[in-house]
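Enquirer: Encoded as structure tokens, here's the structure I'll be asking about.
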Amino acid sequence: SAEQLDALVKKDKVVVFLKGTPEQPQCGFSNAVVQILRLHGVRDYAAYNVLDDPQLRQGIKDYSNWPTIPQVYLDGEFVGGCDILLQMHQNGDLVEELKKLGIRSALLDEKKDQDSK
């Protein structure tokens, strides 16, 4: 139900609906989302495998009004799929959005290292 999905996406700061699992993504787009989060050092997120649950797979598409999986939620807000997350990663928005959630992107530390060299 929408209430259940509402609770799911709000339970954790970063919530991802994937095909497969973060350890074993079952599609390239899901894999890309996992890799982007990994680059930022985001390990502590909730991941739901829609392939395990056809109802969830359809339900989350209806909930977000977004036709594809993966889907990324930050602080209960729907962000988008792989392409949007990639764009946010490239233009620096993702670092800022994570900061708002109290998550420090690992990329900031890498950048510091490069600056000090």
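Enquirer: Let's see if you can work this out: charge +1 on each Lys and Arg Cβ, -1 on each Asp and Glu Cβ, no other charges. What is the dipole magnitude of the range 1-88 about its Cα centre, in debye to the nearest 20?
Expert: Roughly 200 debye for the range 1-88.
Enquirer: Dipole of the chain (Lys/Arg Cβ +1, Asp/Glu Cβ -1, origin at the Cα centre): which of N65, L94, F17 lies farthest to the positive side?
Expert: Value computed over the given set: L94.
Enquirer: Could you work out how far apart the two model spin labels at L101 and T21 are, taking each label as a point 7 Å from the Cα in the direction of the beta carbon, and quote it in nm?
Expert: Output for this residue pair reads 2.1 nm.
Enquirer: Using the alpha carbons of the chain, what is the convex hull volume per residue in cubic angstrom, as a whole number?
Expert: It is 98 Å³ per residue.
Enquirer: What full-extension length gain, to one decimal in nm, is calculated for D53 and N91 as 0.36 nm per residue of separation minus the Cα-Cα distance?
Expert: Value of the extension gain: 10.3 nm.
Enquirer: Calculated from DSSP H runs of 4 or more alone, at -39500 (n - 2.57) each and per residue, what is the 222 nm mean residue ellipticity of the chain, nearest 500?
Expert: -15500 deg cm²/dmol
Enquirer: Multiply the residue separation of K112 and A2 by 0.36 nm, subtract the distance between their alpha-carbon atoms, and state the gained length in nm to one decimal.
Expert: Here the answer is 35.3 nm.
Enquirer: On to the next question. Using protein chains only and a probe of 1.4 angstrom, how many square angstrom of E96 are accessible, to the nearest 10?
Expert: We get 90 Å² for E96.
Enquirer: Then there is this: Relative contact order of the chain: what whole-number percent is it, with Cα pairs under 8 angstrom and at least 6 residues apart?
Expert: Once divided by the residue count of the chain, the mean separation gives 30 percent.
Enquirer: Grab the Cα-Cα distance for D62 and L39, subtract it from 0.36 nm times how many residues apart they are, and report the gain in nm with one decimal.
Expert: 5.3 nm is the gain from fully extending D62 to L39.
The values are calculated or read from the model by the stated rules, or taken from the named source; none is laboratory data. Computed from a prediction, not measured in an experiment: that's the story for all the values here. Every residue, glycine as well, gets a Cβ built from its backbone with ideal geometry; the counts of neighbours run over all protein chains shown. Just the protein is used for accessible areas: all its heavy atoms, side chains included, with ligands, DNA and RNA removed. Shrake-Rupley method; radii C 1.70, N 1.55, O 1.52, S 1.80 Å.
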